Amino acid sequence: MIHTWANQVRDEGFVVIPDVIPSAECDEVAARLYAVANRWRRAEAFSELNVSHVPGLINFDQSVAGYIADDQVLAVAEQLLGKNLRVSFTTLLTNEQGKQRSQWHADWPYNQRNACHMAAPYPDLVMHLTALLMISPFTEQNGGTLVVPGSHRQPTNPTDPALGIDPHAAHPDEFRVTGSAGSVALFDSRTWHAAPANPSNQPRVSVGVRYAPWWLNLEPLDPNSRLRRQWVDEPGLYENDQQRLSRETYESLPEKARPLYRHWVEPS
């Protein structure tokens, strides 16, 4: 299945890997993560969309760390990106009941609005992977993520103003990614995607994880990096950020997850 899943990402831009997190654990994990979202909300910019967004989740809760290092997920990622993978982002996402549809976009480093982005036209190469750990099920009712299959082969993405795409409009080829709680949606970060409305009466909890090859420069994401100050802060531009891990937090991670986070540890 590993080869089949990797080929599906290459061909269609995404795949759903089932049963990564045991379904019996998902309710407890969801409750823990929702409590984190309530304590650490950084939703001011997202309040009109009813989305809670907690970057650097591992600093606050490590309950999904072992699943981020799941053998099957990493095997697929290594087929696409090679050995010596690193995690570039770990973000808690809660799509609240009443959430409105978000904009079409592709993830870092392709988003053309970010200070540090891959200039279009992109080479046709997998250079970054996005995973969504479905702590809650992704369903038609609660707004499972929308993707445009095959869009990862496009030389740019909807955040490029040259395309003139209405970022909120339905796409004729859009497809809703669904899966049971515990599944992981893995996609090429170039893939056009959007979070639809959540008209259900329950929040949809997920963890966004991104996997980077060894050679991709992650310094623009580090608030303490001199290069970030030079490229982002001093010119007054916008970029995502991920806080570094304390040594204590790092040591608390499952052993198989530590190599994925070693580069984010605070220096001694």
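Residue check: is Leu221 more than 21 Å from the chain's Cα centre (by Cα), modelled with pLDDT of 95 or more, more than 26 Å from Gln72 (Cα to Cα) and not charged (D, E, K, R)?
Working: more than 21 Å from the chain's Cα centre (by Cα): no; modelled with pLDDT of 95 or more: yes; more than 26 Å from Gln72 (Cα to Cα): yes; not charged (D, E, K, R): yes.
Against the criterion (more than 21 Å from the chain's Cα centre (by Cα), modelled with pLDDT of 95 or more, more than 26 Å from Gln72 (Cα to Cα) and not charged (D, E, K, R)), Leu221 does not qualify.
Out of the residues in the stretch 120-137 that are part of a loop (DSSP other than H, G, I, E, B) and of a type in the set (Ser, Thr, Tyr), which is surrounded by the fewest Cβ atoms within 10 Å (Cβ to Cβ)? Quick ask: steps written out before the conclusion?
Initially, the stretch 120-137 is screened for residues part of a loop (DSSP other than H, G, I, E, B), giving 120-128, 135-137.
After this cut, where a residue has to be of a type in the set (Ser, Thr, Tyr) as well, the list is 122, 136.
On the way: Tyr122: 18, Ser136: 24.
Only one residue tops the list, namely Tyr122.
Taking the stretch 138-155, which residues are assigned to a loop (DSSP other than H, G, I, E, B) and either crowded, with 19+ Cβ neighbours inside 10 Å or in contact with a strand residue (DSSP E or B) (Cβ under 6 Å, 6 or more places away or on another chain) (or both)? Let's see the steps before the verdict.
Residues of the stretch 138-155 that are assigned to a loop (DSSP other than H, G, I, E, B), as a first pass: 139-145, 148-150, 154-155.
Asn142, Gly143, Gly144, Thr145, Val148, Pro149, Gln154 - these are the residues of the stretch 138-155 that are assigned to a loop (DSSP other than H, G, I, E, B) and either crowded, with 19+ Cβ neighbours inside 10 Å or in contact with a strand residue (DSSP E or B) (Cβ under 6 Å, 6 or more places away or on another chain) (or both).
Restrict the check to the stretch 224-231 and report whether at least one residue is assigned to a strand (DSSP E or B) and closer than 23 Å to His105 by Cα. Explain how you work it out, then say what you get.
Quick first cut of the stretch 224-231, residues assigned to a strand (DSSP E or B) only: none.
So far as the stretch 224-231 goes, no, none of its residues is assigned to a strand (DSSP E or B) and closer than 23 Å to His105 by Cα.
Quick test for you: out of Arg190, Arg204, Arg210, Arg226, pick the one residue that is basic (Lys, Arg), out of contact with any His (no Cβ under 8 Å at 6 or more places or on another chain) and in contact (Cβ under 8 Å) with a residue 24 or more places away in the chain.
Numbers: Arg190 fails: out of contact with any His (no Cβ under 8 Å at 6 or more places or on another chain); Arg210 fails: out of contact with any His (no Cβ under 8 Å at 6 or more places or on another chain); Arg226 fails: in contact (Cβ under 8 Å) with a residue 24 or more places away in the chain.
Among Arg190, Arg204, Arg210, Arg226, only Arg204 is basic (Lys, Arg), out of contact with any His (no Cβ under 8 Å at 6 or more places or on another chain) and in contact (Cβ under 8 Å) with a residue 24 or more places away in the chain.
Taking His117 as meeting all but one of (1) within 28 Å of Trp40 (Cβ to Cβ); (2) without any contact (Cβ under 8 Å) to a residue 12 or more places away in the chain; (3) not in a loop (DSSP other than H, G, I, E, B), write down the number of the exception.
Going through the list (1) within 28 Å of Trp40 (Cβ to Cβ); (2) without any contact (Cβ under 8 Å) to a residue 12 or more places away in the chain; (3) not in a loop (DSSP other than H, G, I, E, B), His117 breaks only (3).
Identify all residues within the stretch 143-194 that are of a type in the set (A, V, I, L, M, F, W, C) and at pLDDT below 95; write none if there are none. Show your work before the answer.
First pass over the stretch 143-194, keeping only residues of a type in the set (A, V, I, L, M, F, W, C): 146-148, 162-163, 165, 169-170, 175, 177, 181, 184-187, 192, 194.
Listed by number, the residues that qualify are Ala162, Leu163, Ile165, Ala169, Ala170, Ala194.
The values are calculated or read from the model by the stated rules, or taken from the named source; none is laboratory data. From a predicted model like this one, the values you see are computed outputs, not experimental measurements. Positions of Cβ are generated from backbone atoms using ideal geometry, with glycine treated the same way; all protein chains shown enter the neighbour counts.
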